[in-house]
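The values are calculated or read from the model by the stated rules, or taken from the named source; none is laboratory data. Keep in mind it's a predicted model, so treat the numbers as computed, not measured. Note: ideal-geometry Cβ built from the backbone for every residue, glycine included; neighbour counts use all protein chains shown. What goes into the accessible areas is simple: the full protein's heavy atoms, side chains included, and nothing from ligands, DNA or RNA. Shrake-Rupley method; radii C 1.70, N 1.55, O 1.52, S 1.80 Å.
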Amino acid sequence: SGCVNLIEAFRKLVAAGFKPTTPVEFHWYSGEEAGLLGSAAIAKSYSTSKKPINAYLNLDMTAWLQTGTTPQIGFVSDRTDSNLTAFTKKLVSAYLTGVVASNDYCGYACSDHASWNSLGYPAVYPFESITEYENPNIHTAKDTINFSQ
């Protein structure tokens, strides 16, 4: 679901004629479940070459809503930048009706944002829910679009 949202963001920016004043990159990684292998390799390469990064937005899982709950985006507070997170939370209330921006916590390097944050790059990780209402089908045979609610 994160990949689809990333493609949609790219499509919308192109359709709107967006001309960034600083480079904007869209990344897809492999090896996340095996230890953030793809993002760690790219982040390390950028760090080694001193490539400037203004912000890293991690879109991992973005499509689950547990039946009977209020739509919310869980903003992961660990291994993220608090200023970037606060700014991104403001975007939720400005652009999404009926969606709550909530605080959440992973407790470990749970997605690719951690690769960037560990090297000093500001990262934000909005997640499809808070942990309490996390998709129970993650990493199972039912982890398909047919089971998004």
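How about the range 71-104: which chymotrypsin sites (Phe, Trp or Tyr not before Pro) there are in a DSSP loop, with at most 11 other Cβ atoms within 10 Å of their Cβ? Don't skip to the answer; put the middle values down first.
Working: sites: Phe75, Phe87, Tyr95; in loops: none.
Taking the range 71-104 and a limit of 11 other Cβ atoms within 10 Å, no loop chymotrypsin sites (Phe, Trp or Tyr not before Pro) are found.
How much length is gained if the chain between Gln66 and Leu91 is pulled fully straight, taking 0.36 nm per residue apart and subtracting their Cα-Cα distance, in nm to one decimal? Please report the intermediate quantities before stating the final value.
Details: separation 25, 0.36 × 25 = 9.00 nm, distance 2.24 nm.
Difference between extended and current length: 6.8 nm.
So who's got an amide H within less than 5 Å of the one on Gln72, skipping anything under 5 residues away but keeping other chains? H placed 1.01 Å off N, in plane.
Result for Gln72 returns Val100.
Using a 1.4 Å probe and ignoring any ligands, DNA or RNA, find the accessible area of His139 and quote it in Å² to the nearest 10.
Surface open to solvent at His139 totals about 130 Å².
Taking 0.36 nm per intervening residue step and subtracting the Cα-Cα distance, what contour gain separates Asn5 from Phe26 on full extension? Display every interim value, and only then the final one.
Working: separation 21, 0.36 × 21 = 7.56 nm, distance 1.11 nm.
Extra length from Asn5 to Phe26 when fully extended: 6.5 nm.
If you plug each phi of the range 102-119 into the Karplus form 6.51 cos²θ - 1.76 cosθ + 1.60 with θ = phi - 60°, what whole-Hz ³J(HN,Hα) values come out, in order, with x for Gly and Pro?
Going residue by residue, I get 10, 8, 8, 8, 8, x, 7, 6, 7, 7, 5, 4, 5, 4, 6, 4, 5, 9 Hz, with x marking Gly and Pro.
Averaged per residue, what accessible area in Å² does the chain show with a 1.4 Å probe, protein chains only? Provide the component values of the computation, followed by the final result.
Values: 9270 Å² over 149 residues.
Counting only protein heavy atoms, the per-residue value for the chain is 62 Å².
Rounded to two decimals, what is the ratio between the C-alpha radius of gyration of the range 88-149 and 2.2 N^0.38 Å? It would help to have the intermediate numbers written out before the result.
Numbers: Rg = 14.0 Å, N = 62, 2.2 N^0.38 = 10.6 Å.
With N residues counted in the range 88-149, Rg over 2.2 N^0.38 Å equals 1.32.
On a full-extension model of 0.36 nm per residue, what is the gain between Val99 and Glu33, subtracting their alpha-carbon distance, rounded to one decimal in nm?
Numbers: separation 66, 0.36 × 66 = 23.76 nm, distance 2.84 nm.
Working it through step by step, the gained length comes to 20.9 nm.
Could you order Asp112, Asp143 by accessible surface area, starting with the largest, using a probe radius of 1.4 Å? Write down the numbers at each step before the final one.
On the way: Asp112 15, Asp143 70 Å².
Result, largest first: Asp143, Asp112.
Which whole-percent values make up P(r) of the chain when all C-alpha to C-alpha distances are grouped in 5 Å steps starting at zero?
With a bin width of 5 Å, the distribution comes to 2, 9, 16, 22, 22, 16, 9, 4, 1, 0.
Amide H of Tyr56: which non-local residues (sequence gap of 5 or more, or other chain) have their own amide H closer than 5 Å, using H built in the peptide plane?
Answer set, sorted by chain and number: Ala123, Val124.
How many angstrom lie between the C-alpha centres of the range 84-149 and the range 1-69?
With the range 84-149 and the range 1-69 each reduced to a Cα centre, they are spaced 13 Å.
Would you grab the residues whose amide H sits under 5 Å from the one on Leu65? Only those 5+ places off in sequence or on another chain, please, with H modelled 1.01 Å from N.
Here the answer is Gln149, since their amide H atoms fall under 5 Å of that of Leu65.
Let me spell out the model: positive unit charges on the Cβ of Lys and Arg, negative unit charges on the Cβ of Asp and Glu, origin at the Cα centre of the chain. What dipole size does that give, in debye rounded to 20?
Details: 10 positive and 13 negative charges, 129 e Å.
Charge dipole of the chain: 620 debye, to the nearest 20.
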